[in-house]
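All remarks here apply to the structure that follows.
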Amino acid sequence: MIPWHRFVEIVRSHQRFLLTSHVRPDGDALGSELVMARALQSLGKDVRVCNAFATPPNLRFLDTRKDLKQLAVDVPATDFDDREVLIIVDTTAWAQLGTMGDVVKQSKALKVVIDHHQGGDDLGAELFKDSDAEATGRLVVEAVDQLGVPLSEEIAIPAFVAIATDTGWFRFSSTTPGTLRLASRLVEAGAAPAELYKQLYETDSLGRLQLIGRAFTHTKTELGGRLIYTWLEQADFSASEAIPSDSEDIINMTLAVGGAEMAVILVEQPRGGFKVSLRSRCEVDCSQVASQFGGGGHRRAAGAFFEEPLESARAKILGAVRAAMTSDMPPSHAAEATAAERR
């Protein structure tokens, strides 16, 4: 059980808050930040929100008050010296904080983490975690309820986006009857699913469509089609005139191929190195595979980062995935699969 009474105590006894989340923020990260920001603001708190990365274009519509700031672009780190509480949502990993990690380390504020991922680092924070939750969005709504803040439309919309995006619009196995009951509450409070879906998924740029095409061109399968993988290099982004956030969700599209049980995508980052994402529809635990390379996440979805060229990063991650996928197969079947791939 999450000790929400302690969280309520922290909120009631402090006035100035800073919220942050992970690099390459997604709907769950930004939605959770905005839910918490709106709840705290409704209680008369002084709230700042800052991330290491810019807000992706398809999520900017959520920030109706223009609260989301980017470190070193919109505000310097020194702007947060007066913060009393620093709340980190949707991650418990130093590597995921990017340049905000230095702010967290240097801050004298009381630190709090609200997260649903497995594992993580010691951030020197009080933890409010539940790895069984389908999204951090659920946890921040629980926090809002415990604070006695009503679910206004301004809170319901980012909360719905947080939960809907992290459950693949309610199609992932993490979706439960409780997920749908919570979604119903949010719709009753003002979240409009059809309009939100349009904002999130039907406003793609031509660059993103061309980037998706390049990813599909690279796509390959192994293990009789059970493993599917692809990659994107910076040259693909340049040729498509795409931006970093345009690669979001491409990995889930590859799982639409019949027979695919495990998907991998490697995406080269602007500063170098490759972000690797994993998705599983089989017995393979993505978080265990990712942890071999300093990453983490969930059983069905996880990621890691490789500071090395594509060829070696791809060889390492695919080697680990192959090993995980064949470990539960009968020896004869595993040998046949390996032999087939060598041919």
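Each value in this text was obtained by applying a stated rule to the coordinates, not by laboratory testing. Only a predicted model underlies this, so the values are computations on that prediction, with no experimental measurement involved. Every residue, glycine among them, receives a Cβ derived from its backbone with ideal geometry; neighbour counts consider all protein chains shown.
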Rounded to whole Hz, the Karplus (6.51, -1.76, 1.60) HN-Hα couplings of the range 268-284, x for glycine and proline: 5, 8, x, 8, x, x, 10, 8, 10, 10, 10, 9, 10, 10, 10, 7, 5
Residue with peak Gaussian network fluctuation, the chain [Cα springs, cutoff 10 Å], from 37, 72, 93: 72
Percent of Cα pairs exceeding the 20 Å cut-off, where the set is the range 4-201: 51
Assigned charges on the beta-carbon of Lys, Arg, Asp, Glu; the range 206-342 dipole about Cα centre (debye): 160
Order of 50, 286 under a 10 Å beta carbon neighbour criterion, fewest first: 50, 286
For residue 229, net neighbour charge (Lys/Arg +1, Asp/Glu -1) across residues whose Cβ lies under 10 Å away: +1
Cα Rg over Rh - the range 200-303, Kirkwood: 0.97
Rg and Dmax [Cα atoms of the range 150-234; Å; Rg one decimal, Dmax integer]: 17.1, 52
Ranking of 12, 281 by count of other Cβ atoms within 10 Å, fewest first: 12, 281
Quarter of the Cα convex hull surface for the chain, i.e. its orientation-mean projected area (nm²): 17.4
Solvent-free Debye scattering, log10 I(q)/I(0), computed from the Cα coordinates of the range 219-279 at q = 0.13, 0.24 Å⁻¹: -0.34, -0.95
Projected area, mean over directions - the range 93-160, Cα convex hull, nm²: 5.5
Shape metrics for the range 1-43, restricted to C-alpha atoms - Rg then Dmax, Å: 11.8, 32
Proximal lysines to residue 108, defined as alpha-carbon separation beneath 30 angstrom and excluding residues fewer than eight positions away on the same chain: 45, 66, 69, 129
Computed over the chain: relative contact order in percent, which uses C-alpha pairs under 8 Å that are six or more apart: 13
Ascending count of other beta-carbon atoms within 10 Å, so fewest first, for 43, 278, 123: 43, 123, 278
